[in-house]
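Engineer: One structure coming up, written as structure tokens, with questions to follow.
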Amino acid sequence: MCGIVGWIDWNRDLTREGPVLDSMTGTLAARGPDASGTWISRHAALGHRRLIVVDPVGGAQPMTRERDGRSYTIVYNGELYNTPELRCKLEARGHVFLTRNSDTEALLMSFIEWGPACVERLNGIFAFGVWDETEQTLFLARDRLGVKPLFYTVREETFIFASEPKAILVHPEIRAEVDAAGLAELFFIGPARTPGQGVFKDIAELKPAHSLIFNRSGLHIYEYWSLESRPHTDDLETTAATIRKLLEDTVQRQLVSDVPVCTFLSGGLDSSAITAFAAAAYRRERMGPLHTFSVDYAGNDRHFRPNRFQPDSDAPWVRRVSEAAGTVHHYVTVDTPELLETLKTTVLANDLPGMADIDSSLLLFCREVKKEATVGVSGESADEVFGGYPWFYSKEALEGDTFPWIRMTREKAALLAPEVIKAIRPEEYIAARYREAVAEVPRLKGEDPFEARMREMSYLNIRRFMPTLLDRKDRMSMAVGFEVRVPFCDHRLVQYVWNIPWRMKSHCNREKGILRLALKGVLPDDVLERRKSPYPKTHNPAYLAATRDWLLSILDDPASPLLPLLNVPAVRRVAESGGGSFNPAWFGQLMGAAQLFAYLAQVDLWLRHYKVGIRL
């Protein structure tokens, strides 16, 4: 895992711009703490920061190879899980590898052999760029589900890309600005983002499953993969067996590493399944015991209260699964003061306000795990793929015409200045983004209305909600130089489950019912029956009080750049009342009053740190 940057400029000699490239690359040092490299020609400059996971000696970047008189240079962030298969095919076609097992070299050779179509052969998580010096052409691509980030900006004859916006913003010709669409994303789509939206004005995101070509003819972007809707012909038992086989194979592939690997374990169905398959693989390969890690908060044993989104605590289930799988388990406990302090760090890691303590706890968790391992395997994304969220079972959500995780739009609008609301028209903006998403859904001819609606819900979750959580996982983990892999995002598994009818997917009228059936015999029966419980958050009232006080101090600061955007009296009333009207969640499952206060405070910090200009 790494950080990448690139700069193509037809009107400038970039060999004179080494210091700018170094500055851009340097902003991504946390993503790649182990090594740094740059490559510059007259019109192309590439930078790379490396986190060493595979082939410590041979995998240095930028990497250049020549074939048939043409020179190709790659910068790559990610991990390929089918490197051995690629190498075999390429060697059969006459390619000679100079490294022992570098997936970077396998990827570059794949591009040299198959060109842009190489992405169709990749199994992995990736964002990469290849510069063809002979043809003066840049090719960029991003993995199918959007696990690894990639942003870019185009300014006339100049094209700049990077793993994170911060690397683009350090370029001397780029300013941090936000327009009405960016504010709509920030206050109403946020803490999610519409795919393709970079929030900063004129900075875009290359969407998942998309490729990009930039040359003297201009910019060309296209989708290279999408979900395909077709009839599901397997019976119940075959479907469960196929899921089990795919998941087991995926976990096995994602354990490959030259550095220590662990799994995240919450005791829920998803992380427990990953852990069980990983522990079994460790036993087969005689690799010693698997190490597992879980996170909790100081005081949650006293302050936790069940609600419809969080029915029980994780701790007893973590012990149950760890003992059953025979893992060496490590508990990480996060306390309120460090949780608060890290709220500031997460804004800089995200380049945006985010999920408040849900972000900062993940960053702190990864920082502790990093002391024992460099790679973690997570159960992220099973809820989107298999339909685990409460809104899949909510009559209101299914009959609604908006994203089910975005709530209380009018209540949030009341917290903003009238001129801001007039400029961004939040309800219209959300409705337009929703219509766009629904229009993308690949339909199945002849599907009954109920199944068609559930297909829509699945698409919304996979293509709109899941990218938000994947981006959070990437940014928080890479901020401490830690790699997280996500087996439930294997595109083979996602495509297969996509076409399973909802009535089968919700077998026995249970969320993720078909996954529970597939895991029969892999996990203890009581773990299989546990109700879904999301990533934990703090329930300590001290955290609520601290975030409220932070927000109130901002409201009392006449120099705050946030104040012109707010209806200050309305925000003050909500803060002083404790924000109970925004509980249990105004976004997703976890964003309540404390997270609202923290989010607004993070917006203030973001505006100050990035010196964001507002263009309405």
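The values are calculated or read from the model by the stated rules, or taken from the named source; none is laboratory data. In this text, all values refer to a predicted model and were calculated from it rather than measured experimentally. So basically every Cβ, Gly included, is an ideal-geometry build from the backbone, and we count neighbours across all protein chains shown. Note: accessible area is taken over every heavy atom of the protein model, side chains too, but ligands, DNA and RNA are not part of it. Shrake-Rupley method; radii C 1.70, N 1.55, O 1.52, S 1.80 Å.
Engineer: Using amide H atoms built in the peptide plane, which far-off residues or other-chain residues are under 5 Å from residue 566 H to H?
Structural biologist: Close amide H contacts, sequence-distant or interchain: 417.
Engineer: Need the full-extension length gain, residue 583 to residue 319, defined as separation in residues times 0.36 nm minus the C-alpha distance. One decimal, nm.
Structural biologist: 92.0 nm
Engineer: For the chain, what's the relative contact order in percent, using C-alpha pairs closer than 8 Å and at least 6 residues apart?
Structural biologist: Worked out over the chain, it gives 16 percent.
Engineer: Report the one residue of 420, 431, 397 whose Cα lies farthest in the direction of the positive end of the charge dipole of region 362-433 (charges on C-beta: Lys and Arg +1, Asp and Glu -1; origin at the Cα centre).
Structural biologist: Toward the positive end, the furthest listed residue is 420.
Engineer: Under a point spin-label approximation (7 Å from Cα along Cα-to-Cβ), what is the residue 402-residue 82 distance to one decimal in nm?
Structural biologist: Computed distance between label sites residue 402 and residue 82 equals 4.1 nm.
Engineer: While we're on this one: Which whole-Hz ³J(HN,Hα) couplings does region 178-186 yield from phi under the Karplus relation 6.51 cos²θ - 1.76 cosθ + 1.60, θ = phi - 60°, glycine and proline marked x?
Structural biologist: 9, 10, 4, 5, x, 5, 5, 4, 5
Engineer: Check cross-link reach from residue 520 to the lysines: straight Cα distance under 19 Å, and skip same-chain residues fewer than eight apart.
Structural biologist: In chain and number order, the partners are 245, 505, 512, 532.
Engineer: Could you work out how much longer the chain between residue 542 and residue 12 gets when fully extended? Use 0.36 nm per residue separation minus the Cα distance between them, nm to one decimal.
Structural biologist: 185.3 nm
Engineer: Among all the lysines, which ones have a C-alpha under 20 Å from residue 412's C-alpha, if same-chain residues fewer than 8 places away are not counted?
Structural biologist: Of all the lysines, those that pass the test against residue 412 - Cα under 20 Å, at least 8 places apart if same chain - are 422.
Engineer: Let me have the relative contact order for region 138-195, percent, based on Cα pairs under 8 Å that are six or more residues apart.
Structural biologist: Relative contact order here is 17 percent.
Engineer: Can I ask one more? Name the lysines eligible as straight-distance cross-link partners of residue 148: C-alpha to C-alpha under 24 Å, and not fewer than 8 places from it in the same chain.
Structural biologist: Qualifying lysines at Cα under 24 Å: 166, 201, 207, 344, 370, 371, 473.
Engineer: State in Å² the accessible area per residue of the chain; use a 1.4 Å probe, count heavy atoms of protein chains only, and round to the nearest integer.
Structural biologist: 37
Engineer: What is the extension gain from residue 242 to residue 34, computed as 0.36 nm multiplied by their sequence separation minus the C-alpha to C-alpha distance, in nm to one decimal?
Structural biologist: Extra length available between residue 242 and residue 34 comes to 71.0 nm.
Engineer: Moving on to the next point. Given H placed on each backbone N at 1.01 Å, which residues far from residue 58 in sequence or on other chains put an amide H within less than 5 Å of it?
Structural biologist: For residue 58, the qualifying residues are 100.
Engineer: Long-range amide H contacts for residue 210: which residues qualify at under 5 Å (H placed 1.01 Å from N, peptide plane, sequence gap of 5 or more or a different chain)?
Structural biologist: Result for residue 210 returns 142, 224.
Engineer: Say each of residue 576 and residue 71 gets a label point 7 Å from the Cα, pointing the same way as Cα to Cβ; how far apart are those two points in nm?
Structural biologist: 6.8
Engineer: For residue 553 and residue 223, what is the calculated FRET efficiency with R₀ set at 51 Å and r taken between the beta-carbons, to the nearest 0.05?
Structural biologist: 0.65
Engineer: With the full set of protein chains in place, find how many percent of the accessible area of region 207-279 is carbon and sulfur; take the probe as 1.4 Å.
Structural biologist: Within region 207-279, the accessible surface is 50 percent carbon and sulfur.
Engineer: Another question, if that's okay. Counting each DSSP H run of 4 or more residues in the chain as -39500 (n - 2.57), what helix-only mean residue ellipticity at 222 nm follows after dividing by all residues, to the nearest 500 deg cm²/dmol?
Structural biologist: Taken over the chain, the calculation gives -11500 deg cm²/dmol.
Engineer: Assuming R0 = 25 Å, can you tell me the calculated FRET efficiency for the pair residue 154 and residue 611, based on Cβ-Cβ distance, to the nearest 0.05?
Structural biologist: About 0.65, to the nearest 0.05.
Engineer: Same structure, new question: Got a sec? Which residues in region 158-187 would a label at residue 23 touch, if it sits 7 Å along Cα→Cβ and we count backbone N under 20 Å?
Structural biologist: Label zone hits: 158-178.
Engineer: So, one more: Between [x] 31.7; [y] 27.6; [z] 25.0, which matches Kirkwood radius over Cα pairs in Å calculated for the structure shown?
Structural biologist: [z]
Engineer: Right, another one. Once phi is turned into θ = phi - 60°, what whole-Hz ³J(HN,Hα) does the Karplus curve with 6.51, -1.76 and 1.60 give for every residue of region 479-484, x standing for Gly and Pro?
Structural biologist: 5, 10, x, 10, 9, 10
Engineer: Output wanted: per-residue J couplings in Hz (rounded whole) for region 39-45, from phi through Karplus 6.51 cos²θ - 1.76 cosθ + 1.60, θ = phi - 60°, x for Gly and Pro.
Structural biologist: Per-residue couplings from phi come out as 9, 9, 10, 4, 10, 9, 9 Hz.
Engineer: What do you reckon, how do 262, 508 stack up by accessible area (1.4 Å probe), largest on top?
Structural biologist: 508, 262
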